[in-house]
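Only one structure is covered here, and it is reproduced in the block below.
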Amino acid sequence: MKQAQIVKDIQSELFSRQDLSYREMQVKIIPNIEADSIIGVRTPELRKLAKELLKREDLQEFLDVLPHKYFDENQLHAFIISEIKDYDRCISEVDRFLPFVDNWATCDQMSPKVFKKHRPELLKKIKQWIKAEKTVKNQDESGNDSPSDPSTYTIRFGIGMLMQHFLDEDFDPSYPELVAVVRSEEYYVNMMIAWYFATALAKQYETVLPFIENRRLDTWTHNKAIQKSVESYRITPEQKEYLKSLKIKK
């Protein structure tokens, strides 16, 4: 009963911060979840609420109630996890939550601050997330597909964390290999692979370029990575021209 009351209180708080114009925009850009599940709370408000809720002794009871009813609850859950300061507890909560993540926004906005202080341990977890077992499903460019396998966003999250934490001073040439070998029919996995390689080209161009030259990615992801690289201000005009010459014609 107490647990249900906590959920009710949080849902009430979310509706009190609803922005209907923002909700309309979210419905359009996150097409693979039910529109009725979106309340429409802006990200700064969710981050603010997450920090407020961290002070509650009974917060764990909200985190334990999965799956959530509303998209905004998932967003709030992701922001709460991102603020957890204990690494082991944070990893535990991430692993418990990932199977219930059902959209790119919640996946991409979950970025625990404590990870940057525990990169060696984090790398081991990233390798596990990227290799999460998945079910083959159909995709299309709009993202309108059948409900994603829970592993879709676990894999996407793992690649995202590798991109965020291991493309600068902690970069190793073996890390892009972890991503290059991933094969998926899922649109949201392949988009993250493309995003990873576009970012990697911007930061580690000479090392990562052979993955594109040697066509290590599937055709769609290869071309999407080039497209995103060409759109980046961090890639030089000369590099952009060369990358465009590597595009695979269908």
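The values are calculated or read from the model by the stated rules, or taken from the named source; none is laboratory data. Here the structure is a predicted model, which means the values were calculated and not measured. For neighbour counting, all protein chains shown are included, and Cβ atoms are generated from backbone atoms with ideal geometry for every residue, glycine included. In case anyone asks, the SASA skips ligands and DNA or RNA and just uses the protein heavy atoms, side chains included. Shrake-Rupley method; radii C 1.70, N 1.55, O 1.52, S 1.80 Å.
Things worth noting here:
- Qualifying trypsin sites (Lys or Arg not before Pro) in region 26-57, where qualification requires a DSSP coil assignment and no more than 13 other C-beta atoms within 10 Å, comprise Lys55, Arg56.
- Here the accessible area is traced with a 1.4 Å probe on the protein chains. For the chain, carbon and sulfur cover 50 percent of it.
- Residue pairs, from the table Lys127/Lys224; Lys28/Lys51; Lys224/Lys247; Lys127/Lys203; Lys85/Lys116, whose Cα atoms sit over 18 Å apart: Lys127/Lys224; Lys28/Lys51; Lys127/Lys203
- Solvent-accessible heavy-atom area per residue, rounded to whole Å², over the chain at 1.4 Å: 50
- Dipole orientation for region 93-250: of the candidates Trp220, Phe166, Phe97, Phe166 has the Cα lying most toward the positive pole (charges on Cβ; Lys, Arg +1; Asp, Glu -1).
- Along the chain, longest interval not containing exposed GluC sites (Glu not before Pro), exposed being DSSP loop plus at most 12 other Cβ atoms within 10 Å: 58-132
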